[in-house]
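Notes for the one structure printed next.
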Amino acid sequence: MRIGVLTGGGDCPGLNAVIRAVVRKGIEVYGHEVVGFLNGWRGPVEGQVRPLGLDDVEDILTRGGTVLRSSRTNPYKIDGGVERIRENLARYGVDALVAIGGEDTLGVARRLVDEGIGVVGVPKTIDNDLSATDYTFGFDTAVHIATEAIDRLRTTAESHHRALVVEVMGRHAGWIALHSGLAGGANVILVPERPFSVAKVCEWVRRRFEREYAPIIVVAEGAVPEGGAEVLQTGETDAFGHVRLGGVGTWLADELAARTGKESRAVVLGHTQRGGTPTAYDRVLATRFGLHAVDAVHEGDFGVMVALRGTEITRVKLAEATAELKTVPLERYAEAEVFFG
Ligand code: F6P
């Protein structure tokens, strides 16, 4: 059997660990061949392919990014995209695909399975917003990076009696904000799931200053003020219809400064949250996902995504995995609220 692997959507730490596990187990345990399609779904559409042997994955476990590169290509937005995938799979003798991605990449995988192409999905995203798995790999690393940034920003904020607003990624889910804010002892955490009152944030900020502490406000890029709208970087959308979020941190810092008279600065962590080496947790999770994905391919169990449930790796239908986003439940947010102000 020849297995094709691809990584689609925004990159995240741990992608190479999945690729390595698929190659190692695919070749050494099952005796299959593995090839890599480059640049997400663009690879199978345009026939961009490279061999993936044991030597190719020798030292990639700890490396961030993806050796197969990525893109946000949507084959369903390309004329004849699906037919070209079918032709290229036949041309390169590829029997099945392992697609490593988030809601968009896996959404394409689900549709391809309906068209008779054998695909197994692996859940990846720093946003942790896939509902069928307890965690996606990449999330833990992003939370670590954001937490370290909060720790560092706290000491400089204290020195200068400033409020510091830390904007983190996560798109429409507040998981990175919630976890890094809790871990970093933020004074306010703002998530997309709960529109926030600027007046209330000002009250918490003032209270914090009264106690001679500099407040740290962690705001998710998709957080929305009451009665307002998401702040966008540009009006453009990508091939999956997503807007580019960003800017709420700077907007909020300006509001806080104007309303409280306290110096307030914003720091946007941006793509640093997706870069560099994965944490040990993400290396282990990504490796286990890769091992179980190749098992599913070997068994011909297509149309599934490997998922973490508790400590077990299970399989769920791709249709279920992409049905709805996993957002922060309000009771989880309420836990964090205890520490606000
Ligand atoms: O989905 C991962 C993510 O990093 C989101 O948190 C963020 O909104 C988006 O991707 C940024 O995408 P890009 O790298 O295309 O700017």
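The values are calculated or read from the model by the stated rules, or taken from the named source; none is laboratory data. None of the values given here were measured: they were computed from a predicted structure. Reconstructed Cβ throughout: ideal geometry from the backbone, glycine too, with neighbour counts over all protein chains shown. What goes into the accessible areas is simple: the full protein's heavy atoms, side chains included, and nothing from ligands, DNA or RNA. Shrake-Rupley method; radii C 1.70, N 1.55, O 1.52, S 1.80 Å.
Points to keep in mind about this one:
- Selection count, region 162-183, where residues are farther than 16 Å from residue 327 by Cα and of a type in the set (Lys, Arg): 1
- Just one of the listed residues (182, 232, 178) is within 24 Å of the chain's Cα centre (by Cα), within 15 Å of the ligand (Cβ to nearest atom) and touching a residue at least 60 places away in the same chain (Cβ under 8 Å), and it is 178.
- Of the strands (runs of 3 or more DSSP E) contained entirely in region 126-223, those carrying at least 2 residues that are out of contact with any Phe, Trp or Tyr (no Cβ under 9 Å at 6 or more places or on another chain) and hydrophobic (A, V, I, L, M, F, W, C) fall at 163-168, 216-220.
- Screening 156, 136 for residues that are open to solvent by 20 Å² or more (accessible area, probe 1.4 Å) and under 22 Å from residue 271 (Cβ atoms) leaves exactly one candidate, 156.
- Residue count for region 140-164 under the criterion of being over 25 Å from residue 129 (Cβ atoms) and among the β-branched types (Val, Ile, Thr): the result is 2.
- Condition broken by residue 273, with the remaining ones in (1) away from the ligand (no atom under 16 Å from the Cβ); (2) out of contact with any Pro (no Cβ under 9 Å at 6 or more places or on another chain); (3) touching a residue at least 40 places away in the same chain (Cβ under 8 Å) satisfied: (1)
- Taking the criterion of being acidic (Asp, Glu) and more than 16 Å from the ligand (Cβ to nearest atom), the only residue of region 1-32 that qualifies is 28.
- Out of 209, 139, sole residue that is closer than 30 Å to residue 19 by Cβ and touching a helix residue (DSSP H, G or I) at 6+ places or on another chain (Cβ under 9 Å): 139
- Residue in region 63-71 that is surrounded by fewer than 14 Cβ atoms within 10 Å (Cβ to Cβ) and in contact (Cβ under 8 Å) with a residue 60 or more places away in the chain present: no
- Filter result for residue 295 (closer than 13 Å to residue 21 by Cβ, of a type in the set (D, E, K, R) and within 16 Å of the ligand (Cβ to nearest atom)): no
- Candidates 163, 223 - the one that is surrounded by 15 or more Cβ atoms within 10 Å (Cβ to Cβ), within 16 Å of the ligand (Cβ to nearest atom) and not hydroxyl-bearing (Ser, Thr, Tyr): 223
- Close pairs (7 angstrom Cβ cut-off, 6 or more residues apart or separate chains): more than 13 Å from residue 313 (Cα to Cα) in region 289-302, in a loop (DSSP other than H, G, I, E, B) anywhere: 298/30; 302/118
- Among residues of region 235-262, those that are within 16 Å of the ligand (Cβ to nearest atom) and charged (D, E, K, R), counted: 3
- Residues (open to solvent by less than 20 Å² (accessible area, probe 1.4 Å) and part of a helix (DSSP H, G or I)) located in region 83-110: 85, 88, 89, 105, 106, 107, 108, 109
- Selection of region 279-301 for residues being closer than 23 Å to residue 146 by Cβ and either small (Gly, Ala, Ser) or open to solvent by 20 Å² or more (accessible area, probe 1.4 Å) (or both) yields 279, 280, 281, 283, 284, 286.
- When the criteria are applied in full, residue 194 fails the requirement of being among the basic types (Lys, Arg) and crowded, with 21+ Cβ neighbours inside 10 Å.
- Residue 152 being under 30 Å from residue 334 (Cβ atoms), within 15 Å of the ligand (Cβ to nearest atom) and basic (Lys, Arg): no
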